[in-house]
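The values are calculated or read from the model by the stated rules, or taken from the named source; none is laboratory data. Bear in mind the structure is a predicted one, so any value in this text is a computation, not a measurement. Quick reminder, even Gly has a Cβ in these numbers, built from the backbone with ideal geometry, and neighbours come from all protein chains shown. We work out accessible area using only protein heavy atoms, side chains counted, and drop any ligands, DNA or RNA first. Shrake-Rupley method; radii C 1.70, N 1.55, O 1.52, S 1.80 Å.
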Amino acid sequence: MMESWREMQLVLGLISLLCFWTSLLAHAAATQVTYDNGQLLINGEPRILISGSIHYPRSTAEMWPDLIQKAKEGGVDVIETYIFWNVHEPLRHQYNFEGDVDFIKFFKTVQEAGLYGILRIGPYVCAEWNYGGFPVWLHNLPGIELRTDNQVYKDEMQTFTTKIVDMVKKANLFAPQGGPIILAQIENEYGDIMKPYGEAGVKYMQWCAKMAESQNIGIPWIMCQQDNAPQPMINTENGFYGRWDWKPNNSKSPKMWTENWTASFKMWGLPARHRAAEDVAYAVARFFQSGGVLQNYYMYHGGTNFGRTAGGPYIATTYDYDAPLDEYGILNQPKWGHLKQLHEVIKSAEKILTKQSFINKDIQNNVMLTTFTDNSTGKSFCFLSNIDSKQDVNVDLGNNGKYFLPAWSVSLLADCNKEIYNTAKVITQTYLKTYKPSNVDTQFNWLWKAEPLKDALTGKGSFTANKLLEQKATTVDASDYLWYMTSVNIDDSFGKNAILHVNTTGHVLHAYVNKKRMGSDWSSDGKGFVFEKAVTLNKGTNHLSLLSATVGLKNYGSFFDMVPNGIVGGPVQLIGNDNVTKDLSSNEWSYKIGLNGENKQFYNDKLSHNKKWTLEGLPLNRPMTWYKTSFKAPLGNDPVVVDLLGMGKGHAWVNGHGIGRFWLTMIAKAPQGFECSEICDYRGQFHDTNCMPDCGLPSQRWYHIPRSFLNEGDNTLILFEEMGGNPTQINFQTVIVGKVCGNAYEGSIMELSCKGGQISAIEFASFGDPQGTCGSFKKGSSDVPNTLSVLQKACLKKESCSINVSGATFGFSNSNSNTPKKLAVQAVC
Ligand code: GAL
């Protein structure tokens with residue numbers, strides 16, 4: 001029986017392989033992707049490719065074409081996405097590939113735009129995504145151990161990987177089938193965390209490679225941060241910078257950088273992280289200077305962690321990432337434009353760069369000239385880099401020219417004698433975005449209802465256990481919330497007054513004793529904490545109800561999946577007089593998964609049993625309260641947000657779509673040992689703590705409502721407020737480019753544009769040595785007088801204008817200093 005089953009599998013395998021290769025032959029537009037000699041070859045041609053990450057579930061299907069088009073206009077050749085296992089298989093063997101998670105449609109959109117794609121299957125993805133992309137049901141499969149040599153896990157991983165590969169094949173999306181996908185990835189950064197898994201980790205990694213190979217996809221597989229990746233896997237690197245000397249582990253393999261972090265993600269309680277355009281451009285230029293052939297921006301568009309998809313602990317709802325396209329898809333200028341120019345210059349030299357014949361020459365300390373030459377045409381292209389983080393230099397290359405080279409910058413020299421780009425000289429305009437009140441309605445009627453607590457406060461759960469259970473194994477992540485309920489008998493000897501002590505690994509805790517709320521507490525960083533509160537008890541039976549809430553399940557690290565959540569193990573104690581302690585940890589605990597409002601779907605206004613809401617007596621600062629209002633979509637196409645200032649912590653839905661967790665009372669402050677700063681110096685090694693503006697404000701105040709979630713008529717916003725908040729200040733806004741700034745050096749052209757609008761005022765203009773950045777420019781000591789009037793004449797009432805930045809334009813001729821003059825302008829749109 002077993003033997004014939006095996007044979008049948010073999011025959012089926014051969015048939016599917018045959019069909020696949022026959023389908024390849026049938027496709028005229030088939031693209032062959034190979035590699036050799038450190039080159040990535042597309043139809044035999046060595047290429048230099050610019051790639052950008054756009055994760056399909058972090059935007060909506062309606063947004064994809066625009067995002068992809070803007071990436072293309074920004075000079076991106078390839079769109080990369082992970083596959084998010086837990087959105088596709090929320091329950092075992094029950095799949096969802098529809099609508100906003102239709103990744104096949106996403107890749108078709110990539111193809112229609114004429115771009116290539118990279119399919120990072122994982123299916124462990126990290127990505128600041130809940131549980132790293134793993135469905136939580138995996139955790140509960142008997143005998144399973146994740147990301148190691150464990151048969152139960154490997155079977156699940158292989159089944160899902162095969163499903164994805166089969167779907168892609170069926171849609172003819174692999175390059176040899178005429179599709180856009182040129183590379184695929186298995187696992188994710190396993191090399192960084194594999195050591196604690198020992199021998200089993202090594203075996204697993206080798207199995208991953210074999211399993212991937214057996215999928216026969218006709219394109220190369222990559223493994224990122226996996227220096228010991230077995231052949232023919234190509235190992236690639238990730239980080240803020242490519243490492244200068246880093247090479248893949250096989251001389252045939254191309255040097256590829258799968259994650260160039262364009263800044264970083266936001267967490268509850270921490271400020272946003274910004275990374276200057278100059279520094280990202282510097283990193284990209286240095287990568288290509290060192291012989292790299294493909295680099296991918298992580299992220300090119302970060303987007304939004306809708307619903308409960310944010311990872312943890314404490315990943316915020318916005319995933320803007322300070323990426324070239326902002327959360328809403330608006331150009332993040334100057335980053336988008338500065339990188340676009342860099343891409344154009346790199347592409348103009350593609351033929352020379354792919355010859356891979358280059359020489360590095362030290363010009364002086366920290367200054368290096370790298371010359372790439374195409375021996376067949378004699379053409380050359382140079383990178384001139386200054387890796388000193390403080391010192392600007394003037395470089396004299398004799399017959400090949402003199403160059404002013406700012407600190408921490410790379411100049412790109414056409415024919416090795418003409419500067420056509422410098423990573424620190426930003427001539428792209430900067431956008432200052434603002435939130436504009438909705439042009440439709442500004443007054444809202446609020447309705448409310450209380451979260452029904454009666455059953456939980458009287459200890460009525462749906463099952464019991466004589467211990468404190470682990471939260472995610474219990475809820476299987478059906479909800480952020482789990483009620484732990486027990487009762488305790490108090491006699492005279494213990495006394496009425498006690499301290500309730502709860503040791504929890506969970507993120508947030510709300511405690512009730514005898515139906516009365518005792519208070520709430522939360523961890524400052526998403527790790528464990530101790531809740532302690534003085535309580536008054538009754539003689540006889542007392543009910544204790546503890547609501548534990550998670551804020552995103554951990555997504556990174558060795559054995560991250562085993563990190564416990566909730567009040568697991570406790571202890572939960574009552575500490576009475578003279579420290580007499582009643583340990584309730586092994587009491588009989590009753591459990592209830594989720595809120596009643598969640599189970600009844602209060603957030604779904606269409607359900608008939610959800611029609612009862614109260615208008616009178618709108619409660620403010622009342623915990624465990626549901627709020628509802630209706631609103632009209634702002635007119636136009638600008639992205640829509642809801643400003644939730646006034647609220648505490650909870651979840652928000654628009655027309656039943658989860659727009660994410662909110663947590664306004666979590667104020668952004670610098671991590672211990674670091675300081676916040678409004679001024680970001682692009683120079684020197686970036687790490688995610690050296691440029692942190694926005695401190696002292698809520699970590700996230702505005703929440704994206706994609707246009708496709710909205711109707712033309714009435715829309716419903718429903719909020720669940722867990723801590724207590726005031727919804728009366730809530731309003732809907734659009735995100736617009738309010739001001740634009742230009743900052744350009746002498747000898748270049750400055751372009752200012754209020755796309756779709758008009759330049760209505762020039763707020764600042766200075767030619768000389770202006771200081772500061774957009775929003776806070778100041779004149780320097782050598783300001784040329786009529787700059788403002790020249791700008792007003794050239795730009796006012798126009799959609800866009802361009803200024804030749806030279807002394808002549810401003811009637812100034814004495815320009816003989818070594819440091820070129822700069823023009824800075826701020827205009828209102
Ligand atoms: C990498 C990981 C990504 C993402 C990134 C940080 O380690 O591969 O998925 O988590 O870090 O944003």
task: Within 10 Å, count the other beta carbons around each residue, average over each peptide in 476-489, 543-556, 711-724, and list them highest first.
output: 543-556, 476-489, 711-724
field: Per-peptide average of other Cβ atoms within 10 Å, ordering 93-103, 793-803 highest first
entry: 793-803, 93-103
task: May I ask you to give the percent of accessible area on region 31-348 that is carbon plus sulfur, with a probe radius of 1.4 Å?
output: 49
message: For a Förster distance of 35 Å, can you work out the FRET efficiency between the beta-carbons of Lys600 and Asp441, rounded to the nearest 0.05?
response: 0.80
statement: Extension length gain for Asp415 and Ser630 (0.36 nm per residue less Cα distance), in nm, is 71.2 nm
message: Tell me the mean residue ellipticity at 222 nm calculated for the chain from its helices only (DSSP H runs of n ≥ 4, each -39500 (n - 2.57), averaged over every residue, nearest 500).
response: -5000 deg cm²/dmol
field: Amide H within-cut-off set for Trp129, under 5 Å, with H built and near neighbours excluded
entry: Gly311
Val551 long-range amide H proximity, modeled H, under 5 Å: Tyr314, His507
message: Taking only complete DSSP H runs, can you tell me which helices of the chain stretch 15 Å or more along their own long axis by Cα positions and average at least -1.0 on the Kyte-Doolittle scale?
response: 2-26, 151-170, 198-213, 277-289, 335-348
- prompt: Where does each of 287-294, 413-420 land if you order them by average Cβ count within 10 Å, highest first?
  reply: 287-294, 413-420
Average accessible surface area per residue within the chain, 1.4 Å rolling probe, Å²: 40
statement: Expected vector for region 263-269, Karplus 3J(HN,Hα) from phi with 6.51, -1.76, 1.60 and θ = phi - 60°, integer Hz, x for Gly and Pro, equals 4, 7, 8, 9, 10, 4, x
For region 357-423, size of Cβ-based charge dipole, Lys and Arg +1, Asp and Glu -1, in debye: 40
statement: Magnitude of the Cβ-charge dipole (Lys and Arg +1, Asp and Glu -1) of the chain about the Cα centre, nearest 20 debye, reported as 1060
message: Contact order normalised by length for the chain, with contacts defined as Cα pairs under 8 Å and 6 or more residues apart; what percent is it?
response: 12
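Counting only protein heavy atoms and using a 1.4 Å probe, what share of the accessible area of region 357-423 belongs to carbon plus sulfur, as a whole percent? Working shown, then result.
Working: 1410 of 3220 Å².
Of the solvent-accessible surface of region 357-423, carbon and sulfur hold 44 percent.
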message: Give me the one-decimal nm value for the distance between modelled label points at Asp392 and Ala761, 7 Å along each residue's Cα-to-Cβ direction.
response: 3.1
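With r defined as the distance between the Cβ atoms of Leu697 and Thr162 and R0 fixed at 56 Å, what FRET efficiency is calculated, to the nearest 0.05?
Details: r = 47 Å, r/R0 = 0.83.
Efficiency for this residue pair is about 0.75.
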message: Could you work out what % of the accessible surface of region 571-618 is carbon and sulfur, using a 1.4 angstrom probe and leaving DNA, RNA and ligands out of the count?
response: 45
Proximal charge balance of Phe812 [Cβ under 15 Å; K/R count +1, D/E count -1]: 0
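Kindly identify region 708-829 as rounded, prolate or oblate by the Cα gyration tensor criterion: order the square roots of the eigenvalues as a ≥ b ≥ c, call it rounded if a/c is under 1.5, otherwise compare a/b with b/c, prolate if a/b is larger, else oblate.
prolate
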- line: The aspartates and glutamates whose Cα lies under 16 Å from the Cα of Lys210, excluding any fewer than 8 residues away in the same chain, are Asp149, Asp155, Glu156, Glu187
Charge context of Lys467, other residues only, Cβ under 14 angstrom, K/R +1, D/E -1: -3
message: For the pair Tyr556/Thr536, report the inter-label distance in nm, with labels modelled 7 Å from Cα in the Cβ direction.
response: 4.8
field: Label-point separation, Val563 to Arg707 (7 Å along Cα→Cβ), nm
entry: 3.8
statement: For region 596-685, the count of lysine pairs 8 or more apart or interchain whose alpha-carbon atoms are under 23 Å apart comes to 12
statement: Once normalised by the length of region 487-533, the mean sequence separation of its alpha carbon contacts under 8 Å that are 6 or more apart gives a contact order in percent of 40
statement: Under 26 Å between C-alpha atoms, the lysine pairs in region 394-471 lying 8 or more places apart or on different chains count 5
message: Given 25 °C and 0.890 mPa s, compute D for the chain with the Stokes-Einstein relation, Rh being the Kirkwood radius over Cα pairs; round to the nearest whole µm²/s.
response: 84
statement: PRE zone check, label point 7 Å out along Cα-to-Cβ of Asn804, amide N under 20 Å, scope region 760-791, hits 766-768, 784-791
Under the Karplus curve 6.51 cos²θ - 1.76 cosθ + 1.60, θ = phi - 60°, whole-Hz ³J(HN,Hα) for region 619-633, x wherever Gly or Pro sits: x, 10, 6, 9, x, 6, 10, 9, 10, 9, 8, 10, 8, 9, 5
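Using 0.36 nm times the number of residues separating Ser524 and Ala670, minus their current alpha carbon distance, what extension gain do you get?
Working: separation 146, 0.36 × 146 = 52.56 nm, distance 1.22 nm.
Full-extension gain reported as 51.3 nm.
Based on the Cβ-Cβ distance from Lys516 to Thr728, what FRET efficiency comes out when R0 is 30 Å, to the nearest 0.05? All intermediate terms of the calculation are to be shown ahead of the outcome.
Values: r = 27 Å, r/R0 = 0.90.
About 0.65, to the nearest 0.05.
What does the extension gain come out to for Asp681 and Leu618, with contour length at 0.36 nm per residue minus their alpha carbon separation? Walk me through the intermediate numbers first.
Values: separation 63, 0.36 × 63 = 22.68 nm, distance 4.76 nm.
Working it through step by step, the gained length comes to 17.9 nm.
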query: Out of residues 5 or more away from Tyr35 or on other chains, whose amide H comes under 5 Å of its own, with H placed 1.01 Å from N in the peptide plane?
result: Leu41
